[in-house]
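Read the structure below first, then the notes.
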């Protein structure tokens, strides 16, 4: 009888970004450049303000990488980012939209344009990624590429800043709804 119960028992681990302590929030409360993530509506506003150039130079702290999420990332990539802050800078929102916000250009790449909704999904993509890879030659710093199938295959490129203990979202891109090519490319790259 006990064997039947044990066989049906499934262990589920929640991978998440952890919230900040009251002490951390108090330290950052007077900062003119740091915004602490509260909810999707606030993140949507932050992105829309970035598009309108209302908050340039500001960054949103989306949460810190929890021990469980860090362990998953380390198993998948060999990189330890426990307690790193996931950040989204207003300037990087604009950079992403400049690179991946033109319908004609993205169509030629076989991708779709990045939207405000994609930015709102960043925490979900990082916490619940389908694939991940480490890119040591990406942009100016090594990066983690988080891939999740949401309205197409969406990739979040987050630079790893060991000095600041940040995972800074530098860019995003997304394949079309019917294409899984981006995930396959990232997965193939991590295997080579």
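Mean projection of the Cα convex hull over all viewing directions, computed for segment 133-176: 3.1 nm². Which stretch or stretches of segment 112-131 have amide N atoms under 18 Å from the point lying 7 Å from residue 16's Cα along the Cα→Cβ direction? Answer for this model: 121-129. Packing, as the average of other Cβ atoms within 10 Å across residues, places the peptides 67-76, 84-93, 29-38 in the order 84-93, 67-76, 29-38, highest first.
Extending 7 Å from Cα along the Cβ direction at residue 68 and again at residue 150 yields two label points whose distance is 1.8 nm. Divide the volume of the convex hull around the Cα atoms of segment 16-191 by the residue count and you get 111 Å³ per residue. Taking 7 Å steps out from each Cα toward its Cβ at residue 141 and residue 115 produces label points 3.0 nm apart. What FRET efficiency would be calculated for the residue pair residue 52, residue 104, taking the C-beta separation as r and a Förster radius of 22 Å, to the nearest 0.05? With a Förster radius of 22 Å, E is 0.45.
Laboratory data are not the source of any read-out in this text; all were calculated from the coordinates shown. Everything quoted here is computed from the prediction, not taken from an experiment. With ideal geometry, Cβ positions are generated from the backbone for all residues, glycine too; neighbour counts draw on all protein chains shown.
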